[in-house]
Amino acid sequence: MTAQEIYDILKAQFGEAVLEAKLENVADPFIKIAAGAIKEVSVFAKNDERFQFDYLSCLSGVDFKGKLGVTYHLYSMTLRHKIVLKVEVPTDAPNVPSVESIWKTANWHEREAFDLLGINFLEHPDQRRILLPDDWEGHPLRKDYQTPEFYNGMKVPY
Amino acid sequence: MNELKLLLENPIVMSVLLAFVPIVFILVYALVTLYGEMKVAAHIQNRLAYMENGWHGTLQPFADILKLLQKEDIIPTAADKFLFSLAPYLVFVGTYASFAVLPFSSGFIGSNIDLGILYLVAASSLVVVGLLMSGWASNNKWSLFGSLRSAAQIVSYEIPGVLAILGVVMVLGTMNMQTMTQMQDGGIQNWLIFGGNFALGQKLALIPFMFILFVIYLLSSMAEVNRTPFDLPEAESELVQGYNTEYSGMKFAIFYLAEYANLFLVSAVVVILFFGGWTSPFGSFMGGPVWSAFWFIMKGMFFVFVNIWLRWTLPRLRVDQLMYVSWKVLTPFALFCIIAIGFIMVV
Amino acid sequence: MIETLEKPKTSTGKTLRTEEMIVNMGPQHPSTHGVLRLEVVLDGEIVTDVIPHLGYLHRCFEKHCEHMTSYQQVIPYVDRMDYVASMTNEMAYVVAAEKLLKIEVCDRVHYIRIIMAELQRIASHLIAIGTFGIDMGAFTPFLYYFRDREKILELFEMTCGARLLYNYMWIGGLSHDIPPQFVEKTKEFIVGFKKTLQEVNDLLNYNEIFIKRTANVGILPKDLAINYACSGPMLRGSGVNWDLRRDDPYTMYDKFEWDVIVGKGEMGTVGDVWDRNMVRQLEMWESLRIIEQAIATLPEGDVSKAIPKRIRPVPGDAYGRVEGPRGELGVYIIAEDSVTPYRIKARAPAFVNLSVITEISKGAMLADLVAIMGSIDIVLGEVDR
């Protein structure tokens, strides 16, 4: 199934929640989804007969200076097609519904995005830091991140 | 001269001297085995092992021992200091005490008691107490795990081991280890693994059961000395180093020494039970006290080599599989053999 | 799986108080293959829960990338991500960057990249199976495999001067062409290596004790594997016939003839530890097939012609993925109008594969947990990045 067909079906199903799409002249065609609707879209994308996106290849968080984005790379093991979904949320209210209940693999990816970018995944069962120490302050992959001088009495910059 | 003779006749002096022989033997043997194990392992694995110190690295074991002697003797703060320090010595004493009844040659045995083999089994059981003690006193969960596993393992494997010994005792009708050996004297055909010194019919009937008992005892002895494939108590990839995780320096060295001594002990028992102890394979040719010591040690070292060989070839069993082998395979087979031997000996 | 025994009761019917034991497996533990820490809840020898704690080897790969002054400068960092399969890491990054920049490279570059990636896959699988053997208590196969891995490293050293961290594949080409004697030496290696493969099969994979230890342990069912996005031998061991080299071909893998190895449950259930290990073992044969074909038909060309002098992509993003030894190694690059990458995220297969460990090790024994961990084949450098 081509990206255009996927977009048409999603648009017909969700209407307003599907914000925009760039399907031509890009490395990977992507569809932008309203942050609040990502969970419903994911459930649909996984369970719909025509899509069967059962494999969440990658979930990455991005800081767009003022906005935080999450990118979902979906793939279907049975139908062998793929699509990229993107959501964006404002930095001061970075709440994205968790897709952990749909793809278990999202659990650690979301923990990583929370850890490094401070994106808050709603209804995530176990949202803790994963790569950094539990008592680390700040989210290092934010573009405005300042490296702290000290961590537990140890000098950080060297 | 006369005074010296008088001194030697003093039973206390004599006992001390007799006790010295095994410990000197253990120390020399441990060095040789340390070197041998590394070399055997290396050649199994396409390596060369030590090559630097001395000819083909022959001086390396001395360096290893020196290193261990120099090391700081660390006792963890949370450990039970008394038990922690006592454990390695207890393990070693258990093994060393068993050497008393080993007939090294036709002319030398530490203590020629009639219940030799029974004493040996009892004394070597002391090792379990030492291992449990070390695991508990270390106050480390991995150590505790290791010592619990080792206690369970040694106790379980003592049963098929003792049953196998019982089979041999039934055949030979004695528990005195020197007598046991003497009964197999007269050449390779008289060794128990080849049916012993009996009439032909009985001999042929015994051979299969002796072979099974030999395998059972070999396996359970490997389990008792915690060697691969039964090295669960110190399974490095699971339990870090098992009961001796927290030990360092001399205490660790003593654990090692005890392990090696134990290895020779069980090999020696295999030799005495099934391979004619110190007897020469050629009857009276190459016999005599000195030659017999040579044969005893060589045969013992052969089974030490078998242990090393298996260790570097096989993977490790899991706990439940280990117990399965002991209780559901070895023990029933051993019991069956005992019954069969009983019939053969009566008929 | 072993059922938990009923709690012992006293003669008056009271149950004895038994406690679960919590042990920390790692970060310093011989079988965590690095500095992984598993918080293991044990009921006797039986594992009731596993909580992985990562990050002991976090070297801020993604943050570093955002501070580079060129896209080419990222490559040495990518090398250090999965340090036992650096070539594949480079390949993933280079594939993603070339996709973003729309650079076409000549066939010779593709062929050499494939040869390198497949040699690297063999080298990595050798470590995986070897260390797995150590976890099982078999030390010897490890050294047999290292002897042959050494030969691969010599080939790499001959090509680019480094044995572990190569910086060999560049965006648009390679740093050097292969040396003249490379083809000959590779052929020699293949001949010798086939013998070792057979030897270790006899020594380890079909050893009765090894089978007893690994068959029917840590079973990962098909749907769970997909839901957890496991990939590589992990996924194929569970019986899913999926390989990026065939199903989403990158470079020129579609030119070669080879088979995707899938776990069949030969010794137990499909998706057990033995299957995963065997998939790795058999994949090495397939890699040899690919290398043989690639060497036989190696085209001519200039390997550094397409390397751009200055990289300043049009804003956009690209996700490139390759089939690494551990599975789908994806690199997601976001570019803005600058010479510095805006954001690079590495989708590390070991990280994703490891997340399933809690699910498949509940109810196993402590020794099985070690087996399961060995069969996942984690490299902590990649898990923590």
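General remarks:
- Verdict on residue C:84 being of a type in the set (A, V, I, L, M) and either in contact with a helix residue (DSSP H, G or I) (Cβ under 6 Å, 6 or more places away or on another chain) or closer than 30 Å to residue B:232 by Cβ (or both): yes
- Some residue of the range A:148-158 being in contact with a strand residue (DSSP E or B) (Cβ under 9 Å, 6 or more places away or on another chain), among the β-branched types (Val, Ile, Thr) and surrounded by 19 or more Cβ atoms within 10 Å (Cβ to Cβ): no
- Selection within the range C:344-367: residues that are at the interface with another protein chain (Cβ under 7 Å from one of its Cβ atoms) and either open to solvent by 10 Å² or more (accessible area, probe 1.4 Å) or touching a Pro at 6+ places or on another chain (Cβ under 9 Å) (or both). The member of this set that is modelled with the highest pLDDT is C:355.
- Of the residues C:227, C:241, the single one that is open to solvent by 60 Å² or more (accessible area, probe 1.4 Å), within 14 Å of chain A (Cβ to nearest Cβ) and without any contact (Cβ under 8 Å) to a residue 40 or more places away in the chain is C:241.
- The one condition in (1) more than 14 Å from chain A (Cβ to nearest Cβ); (2) open to solvent by less than 30 Å² (accessible area, probe 1.4 Å); (3) over 18 Å from the mean Cα position of the chain (by Cα); (4) closer than 25 Å to residue A:107 by Cα that residue C:65 fails to fulfil: (1)
- Pick from the range A:98-115, criterion at the interface with chain C (Cβ under 8 Å from one of its Cβ atoms) and assigned to a loop (DSSP other than H, G, I, E, B), ranking: farthest from residue C:55 (Cα to Cα): A:103
- When C:281, C:293 are screened for being open to solvent by less than 30 Å² (accessible area, probe 1.4 Å) and of a type in the set (S, T, N, Q), only C:281 passes.
- Residues satisfying the criterion are present in the range C:203-211 (criterion: over 30 Å from residue A:56 (Cβ atoms) and either loosely packed, with under 15 Cβ neighbours inside 10 Å or within 14 Å of chain A (Cβ to nearest Cβ) (or both)).
- Near pairs, Cβ below 8 angstrom, 6+ apart or cross-chain, from the range B:14-41 (crowded, with 18+ Cβ neighbours inside 10 Å) to any residue that is of a type in the set (S, T, N, Q): B:35/B:58; B:35/B:60; B:38/B:60
- Among the residues of the range C:127-142, those identified as touching a Lys or Arg at 6+ places or on another chain (Cβ under 7 Å), within 14 Å of chain B (Cβ to nearest Cβ) and among the aliphatic types (A, V, I, L, M) are C:129, C:136.
- Scanning the range B:45-64 for residues being open to solvent by less than 40 Å² (accessible area, probe 1.4 Å) and under 24 Å from residue B:227 (Cα atoms) gives a total of 5.
- Among residues that are at pLDDT 85 or above, within 30 Å of residue C:346 (Cβ to Cβ), in contact with a strand residue (DSSP E or B) (Cβ under 7 Å, 6 or more places away or on another chain) and among the aromatic types (Phe, Trp, Tyr), residue C:77 is not included.
- Qualifying residue in the range B:154-168 (condition: in contact (Cβ under 8 Å) with a residue 24 or more places away in the chain, aliphatic (A, V, I, L, M) and under 30 Å from residue C:20 (Cβ atoms)): yes
- Filtered by the rule that a residue be loosely packed, with under 14 Cβ neighbours inside 10 Å and assigned to a strand (DSSP E or B), the range A:15-24 gives a lone residue, A:20.
- Of residues in the range A:124-141 being more than 10 Å from chain C (Cβ to nearest Cβ) and of a type outside the set (Asp, Glu), the one surrounded by the most Cβ atoms within 10 Å (Cβ to Cβ): A:139
- Taking the criterion of being without any contact (Cβ under 8 Å) to a residue 40 or more places away in the chain and buried (at least 20 other Cβ atoms within 10 Å of the Cβ), the only residue of the range C:68-86 that qualifies is C:77.
- Restricting the range B:238-266 to residues that are among the small types (Gly, Ala, Ser) and buried (at least 23 other Cβ atoms within 10 Å of the Cβ), the residue that is modelled with the lowest pLDDT: B:242
- Selected residue (criterion: nearest to the chain's Cα centre (by Cα)) from residues of the range B:1-28 that are over 26 Å from residue B:297 (Cβ atoms) and not aliphatic (A, V, I, L, M): B:11
- Note on the range A:57-97: among residues that are among the β-branched types (Val, Ile, Thr) and under 21 Å from residue C:66 (Cα atoms), the one that is farthest from the other protein chains (Cβ to nearest Cβ) is A:91.
- Flag for residue A:121 being away from every other protein chain (no Cβ under 12 Å), in contact with a strand residue (DSSP E or B) (Cβ under 7 Å, 6 or more places away or on another chain) and in a helix (DSSP H, G or I): no
- Matching entry among C:220, C:235 (being at the interface with another protein chain (Cβ under 10 Å from one of its Cβ atoms), of a type in the set (A, V, I, L, M, F, W, C), within 18 Å of the chain's Cα centre (by Cα) and open to solvent by less than 10 Å² (accessible area, probe 1.4 Å)): C:235
- Of all residue pairs spaced 6 or more apart or on separate chains, none has beta-carbon atoms under 8 Å together with a first member in the range C:339-363 that is on the phi > 0 side of the Ramachandran plot and a second member that is in a loop (DSSP other than H, G, I, E, B) and crowded, with 24+ Cβ neighbours inside 10 Å.
- From the options C:145, C:111, residue that is away from chain B (no Cβ under 14 Å) and over 16 Å from residue C:83 (Cα atoms): C:111
- Residue count for the range A:25-56, restricted to those that are touching a residue at least 12 places away in the same chain (Cβ under 8 Å), in a loop (DSSP other than H, G, I, E, B) and either more than 8 Å from every other protein chain (Cβ to nearest Cβ) or small (Gly, Ala, Ser) (or both): 7
- Residue that is surrounded by the fewest Cβ atoms within 10 Å (Cβ to Cβ), among those in the range C:154-182 that are in contact (Cβ under 8 Å) with a residue 40 or more places away in the chain and aliphatic (A, V, I, L, M): C:164
- Subset of the range B:133-151 [polar (S, T, N, Q), part of a helix (DSSP H, G or I) and within 13 Å of chain C (Cβ to nearest Cβ)]: B:143
The values are calculated or read from the model by the stated rules, or taken from the named source; none is laboratory data. All figures in this text were calculated on a predicted structure; none of them were measured in a lab. Cβ: placed from backbone, ideal geometry, glycine included. Neighbour counts: every protein chain shown. SASA here: full protein model, heavy atoms, side chains in, ligands and nucleic acids out. Shrake-Rupley method; radii C 1.70, N 1.55, O 1.52, S 1.80 Å.
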